[in-house]
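All remarks here apply to the structure that follows.
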Amino acid sequence: MVERSFLFLLASRVARSIALVYVSLSIPLYLSLLGLSAVNVGLVVFGVVSFYSLLSLGLGLLGDRYGYKKSLIIGDFLPLVGITALSITSNIQYVIPLLIITGIGGGAAGGLRGMWSPGISALVASNWKQEKERVKKLGYLSSGASSASIIGSLLLSIQPLLHQQPVDEYRALFRVAAVLMAISVISIFFVEEAKRPKKTTKVMGKKSFTYLIRVIASNTITGAGIGLAVPLLPLWFKLAYHATESEIGIVFTLSYLLTSVGSFLASRIRGNTLFIASLTRLLNGVFLIAMALSPFFVLSAAFYAIRGFNAGIGAPNRTAINVRGISAEDYGAATSIQGVSTRLAQLSSGASGYLMELWLPMPEILGGVLQIAGGYIYYALLSKVKSE
């Protein structure tokens, strides 16, 4: 039953990806259209990430005790409410609170944006015990989610074809995104969950906590880099190269296509899982720096697309490594805390707008340097666990 219900989990991630990728790409541009400066857009993203970090932690703890499926449902229902509300009103006094309390519009608009939600890593780890099988299932989910992300970015590209007022065009496609989020929620109800060990600790055991600290150390540095470089990236392309919404959508479409290919290959690449996970994280930073220093839009877009391929290979491997030293009863708490550490570090997005006003390449360069450091630290810390 668990194996057969995997298709419903995949369907949920596909629908969720289309919806959230379009929303994530649109929010910086939409807020700018409504009159907010780059600095204020960054502050809004700061608020969204802050709230969602707390929510993620709570949902992880809930999952350990009552089931990760419930965490997934709640985690998808809130964005459904938020996107539905955005399709109804464009009043900035309502839009900003809606974004914050429903957790949409924050975080990186990468090809895997729609795959991750509180409970997904824990559910996969709980349902499939072998690490290679986990990588395989996560590879399928990543490939499906990133393939679906292409549709989300294409929605941004075709938006001008609606021939309406710009605000009305966004609201029309927010309605499409809301329907897709509803499909995601419904699909999760049909997902089966394997029986888990009874929770014997309040949060987690000592062994799990020791391993968790190592993962958090790297995630914090990497998350700070992502926060500086990625959440405002659509707006960055617009300001740096005067790119249109259609051109920006094409850039992300190509990136998501390559992320999908990379995710598909991740389940077929043989080698040291930790080394692959660390190297791809480091290279993510290298590509950000190359992108920031590119004099031409096409060249910058090409580097970002290659980064998407690299990220697709790395994500399933890192997810498997992140639960390698975690006890089964602690999957929910551990994966949520890992996610929270990354999201809290992404509060650096609040500074992204300021850095863009100082020098446009700065947030991408600094973000890239931090991601390079995060990849090195990830390998240095977790390789010691094996030797011990």
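The values are calculated or read from the model by the stated rules, or taken from the named source; none is laboratory data. All values reported here derive from a predicted model rather than from experimental measurement. Here Cβ is always computed from backbone atoms with ideal geometry, including for glycine, and neighbour counts include all displayed protein chains. The protein model used for the area step is the full one, side chains on, heavy atoms only, and it has no ligands, DNA or RNA in it. Shrake-Rupley method; radii C 1.70, N 1.55, O 1.52, S 1.80 Å.
Here are the numbers for the structure shown:
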item: Stretch gain in nm, segment SER246-THR89, where the contour uses 0.36 nm per residue and the Cα spacing is subtracted; result: 54.1 nm
item: Unit charges at the beta carbon, dipole of segment 177-328: most positive-side option, ILE289, THR220, LEU265; result: THR220
item: Sequence-distant residues sharing a close amide H with GLU193 (under 5 Å, placed H); result: none
item: C-alpha long axis of helix 297-322 to longest principal axis of the chain, angle in °; result: 20 degrees
item: Calculated [θ] (222 nm, deg cm²/dmol) that DSSP helices of n ≥ 4 give over the chain, each run adding -39,500 (n - 2.57); result: -26500 deg cm²/dmol
item: Charge dipole (debye, nearest 20) of segment 176-260; +1 at Cβ of Lys and Arg, -1 at Cβ of Asp and Glu; result: 920 debye
item: Label point 7 Å beyond Cα of SER383 along Cβ direction - residues of segment 262-281 with amide nitrogen under 18 Å; result: 271-281
item: By accessible area with a 1.4 Å probe, ligands and nucleic acids excluded, highest first: order of LYS384, LYS207, LYS137; result: LYS207, LYS384, LYS137
item: Neighbourhood charge, 14 Å Cβ-Cβ cut-off, centred on LEU34 and excluding it, Lys, Arg +1 and Asp, Glu -1; result: -1
item: Largest to smallest accessible area among MET362, MET204 [probe 1.4 Å]; result: MET362, MET204
item: Magnitude of the charge dipole, segment 256-366, Cβ model with Lys/Arg +1 and Asp/Glu -1, debye to 20; result: 360 debye
item: Ranked order, TYR241, TYR331 - accessible area, probe 1.4 Å, largest first; result: TYR241, TYR331
item: In nm, spacing of pseudo-spin labels at VAL81 and ASN40 (7 Å Cα→C-beta vector); result: 2.6 nm
item: Too-long pairs where the Cα-Cα distance tops 26 Å, listed order kept, from LYS129/LYS384; LYS136/LYS195; LYS195/LYS384; LYS70/LYS384; result: LYS195/LYS384; LYS70/LYS384
item: Heavy-atom accessible area per residue - segment 230-388, 1.4 Å, Å²; result: 38 Å²
item: Accessible carbon and sulfur surface of segment 1-116 relative to its total accessible area, %, 1.4 Å; result: 73 percent
item: Residues of segment 226-248 with amide N under 20 Å of the 7 Å Cα→Cβ point at VAL298; result: 237-248
item: Sites LYS206 and LEU161, calculated FRET efficiency, Cβ-Cβ separation with R0 51 Å, nearest 0.05; result: 0.35
item: With DNA, RNA and ligands ignored, accessible area of THR244 (1.4 Å probe; Å², nearest 10); result: 70 Å²
item: Dimensionless Rg over Rh [the chain; C-alpha; Kirkwood]; result: 0.94
